[in-house]
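The values are calculated or read from the model by the stated rules, or taken from the named source; none is laboratory data. It should be emphasised that the depicted structure is a prediction, and the values quoted were computed from it without experimental measurement. Cβ atoms come from the backbone with ideal geometry, glycine included; neighbour counts cover every protein chain shown. These accessible areas exclude ligands, DNA and RNA; they are computed on the full protein's heavy atoms, side chains included. Shrake-Rupley method; radii C 1.70, N 1.55, O 1.52, S 1.80 Å.
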Amino acid sequence: MRYGEGLLEEIRRRTDLVALVGRRVKLVRKGRVMWGCCPFHAEKSPSFKVENERRLYKCFGCGKGGDAFKWLIETEGLSFPEAVEKLAAEVGVELPKWSPEDEEREQKKKSLYDIVELAAKFYEAQLFEPGGREAREYLKGRGLDGAAAKQFRLGYSPSGNNALIAHLTAQNVTQDDIIAAGLARPAEDGRPMRDFFYNRVMFPIGDGRSRIVAFGARALEADAKPKYINSGETSLFSKGSQLYNFAGARAAAIKAGTIIVAEGYMDVIALVRAGFAHAVAPLGTALTEDQLHLLWRTAPEPILAFDGDAAGLKAAYRAAHLALPHLKAGYSLRFAFLPDGEDPDSFIAHNGAGAMSVQLETALPLSQLLWRTETEGKDLSTPERRAGLEHSLKEIVDRITDSKVADYYRRGFDQLVFENFKRRAPAPSRGPSRPVQRPGAKFRGDFKPPRPLPGSPEAVSSSVQTSALVRGGQAGVRAAKEMELGRLLVESPEIALAEAESLAVLDLQDPSLDRLRHELLNLAASGSSLEKAGVQTHFTRKGMAELLARFAGHPVDDPHASFQRAVSDLRELAGQPTDARRLLERRKALSDRPNDGRGNI
Ligand code: ZN
């Protein structure tokens, strides 16, 4: 195609389709959509609609429909390039100049695709030659069989200087083209032209249409440096704007509603083979802005999966800051940190796909990642340090260019600062279902402030805030909340005695967590002691060791407060009143209060 999709999209975005169609068809507004009588078939009542938001027109009578370009082609008989030129001129988009040289370059590109494809086939075949034994053993050692190698078109680049050059030359490919395709290094310093890749496992990299455009390659020699290399930039390949497995992942990502970004090729292969077809990886670099936009075209909240070590955290932090200026309503990132030392490949090998799902479902929203990186492991005990924290948070917010998103971040951070540092004691006037402060119990300020009444402006903004800031999608929020509750029940099972009533009516969607709840209630009802070690032994005997392992080593500070909070959040998510009695009390308290001028809505 002559013009890039990005350019065409820009023209569509700037075009007022309603006005354009309106020149020929009389349109009447109904809600957000304009309707008129179809110009393509005879009709008396309108079944032809035009939507500026979706940039489409459609007739429900004869089925004709399309975008602004299609409209001009269908109604003015223009060719596609003519339609593009006409609209571009109307909306002020400058088109790139198209010269005979461009034509030739485009022609050349096609042949470069063919050359890279020839190379891919060559490497694939070499993997199964005697010389590919070491590469096969490496892949086998990483848990990949022949089927996996075929699926991802893995290959082997032989040792020596010119195995590929010889192969391509024999097929009449010129030396210049081999170099232009990024497959050979030119002759220099008295050395002849030589293969770019040798003695490496080859990972072909496809473009958005699954055409191989480049290779990633892992060295087989233990001391080779660097361990991974990529093809250099060519006219087909720009490593900063493409993603490994993007074409394969796109449809799955749209279906799954999210896309997983792993760090390496092997991670992507392991994820896809474990059933996560919506996995991609950057190409040997940190995530770039171009890649971020590519990801957002498939899913609003891509999940970045990182190793939970210092390097992983650093990479996550960098990605988070890269994203800030580009955040817009509904579009963000989430972060899954695997246990220290694990990448998705090793994590799936050790723990299975189910455990990986949990990691992905409970991925941290961007806002929480930022809060944690600013606060975790930091001594914030002095006023100066807290002021410093507020300053850092403000700097983060200032980098967000979308004013609406920035506003929610500001309010979210304000609330976190308030909850963590400014509140001294639990708010008064809690309903009778709130735990009575037990002697010696610590109130560490981790209560939420009293919830606003449903329907009040406060309540609306806080619930919007929850969905915009705290987690992508209700399902994600629920999964995370349920995990929080599960951890609590594992760490402080005795809570089931005091809270048996709330626990009994709780509706948990994760089956294994619901089983945990059920078993715990049974134990409580049977009068057993709910001491942690005994309960854990009991659960292990019941075959729930894997569940326990999920929560190991996450002590909970104030189990009662956390329990109340988790239950009330879950009930709220399920659309149930968090506590009917408390609501009534709050209502009464409000109506008794003298009118302060804010309550008369
Ligand atoms: Zn029609």
**Report entry** Radius, Kirkwood style, for region 198-291 when every pair of distinct Cα atoms is counted (Å)
**Finding:** 13.6
Query raised in the report: Pairs Lys255/Lys394; Lys58/Lys255; Lys239/Lys314; Lys314/Lys378; Lys108/Lys150; Lys44/Lys70: which are spaced more than 26 Å apart, C-alpha to C-alpha?
Result: Lys255/Lys394; Lys108/Lys150
Query raised in the report: Once label points are set 7 Å from the Cα along Cα→Cβ at both Tyr317 and Phe60, what is their separation, rounded to one decimal in nm?
Result: 5.5
Query raised in the report: Measuring from label point to label point, each 7 Å out along Cα→Cβ, what is the Lys97 to Ala42 span in nm?
Result: 5.2
Report task. With N denoting the number of residues in region 246-371, provide Rg(C-alpha) divided by 2.2 N^0.38 Å, to two decimal places. Result -> 0.95
Query - Accessible-area composition of region 5-91, carbon plus sulfur, in percent [1.4 Å probe] - result: 52
Requested in this report: Alpha carbons only, please: Rg and Dmax for region 100-230, in angstrom.
Outcome: 15.1, 51
Report task. May I ask for the Rg/Rh ratio of region 62-132, computed from Cα atoms with Rh as the Kirkwood radius, given to two decimals? Result -> 1.31
Report task. At 0.36 nm per residue, minus the direct Cα-Cα distance, what do Lys328 and Asp557 gain on full extension? Give it in nm, one decimal, please. Result -> 78.9 nm
Requested in this report: Treating cross-link reach as a plain straight distance, find the lysines whose alpha-carbon is under 19 Å from the alpha-carbon of Lys532, omitting any fewer than eight places away in the same chain.
Outcome: Lys542
Requested in this report: Enumerate the aspartates and glutamates that Lys328 could reach by cross-link, defined here as Cα to Cα under 13 Å, with residues fewer than 8 away along the same chain left out.
Outcome: Glu301, Asp402, Asp407
Query - Full-stretch length increase - Leu497, Thr382 - with 0.36 nm per residue and alpha-carbon distance subtracted - result: 37.5 nm
Requested in this report: Report the FRET efficiency, 1/(1 + (r/R0)^6), for Ala310 and Gln107, where r is their Cβ-Cβ distance and R0 is 41 Å, rounded to 0.05.
Outcome: 0.25
Report summary line: Expressed in angstrom and rounded, the centroid-to-centroid distance over alpha carbons for region 312-334 and region 82-136 is 31
Query raised in the report: Carbon and sulfur: what percent of region 250-302's accessible surface (1.4 Å probe)?
Result: 53
Report summary line: Looking only at lysines whose Cα falls under 18 Å of Lys481's and that sit 8 or more positions away or on another chain, we get Lys448
Query - Gained length - Ala251 relative to Leu548, 0.36 nm times residue gap less alpha-carbon distance - result: 103.4 nm
Query - Reciprocal mean inverse distance between Cα atoms of region 5-91 - Kirkwood radius, Å - result: 13.1
**Report entry** Estimated D of region 364-410 in µm² per second, where Rh is the Kirkwood radius over Cα pairs and Stokes-Einstein applies at 10 °C, 1.306 mPa s
**Finding:** 140
Query raised in the report: If each of Arg372 and Glu419 carries a label point 7 Å out from its Cα toward its Cβ, how far apart are those two points in nm?
Result: 1.5
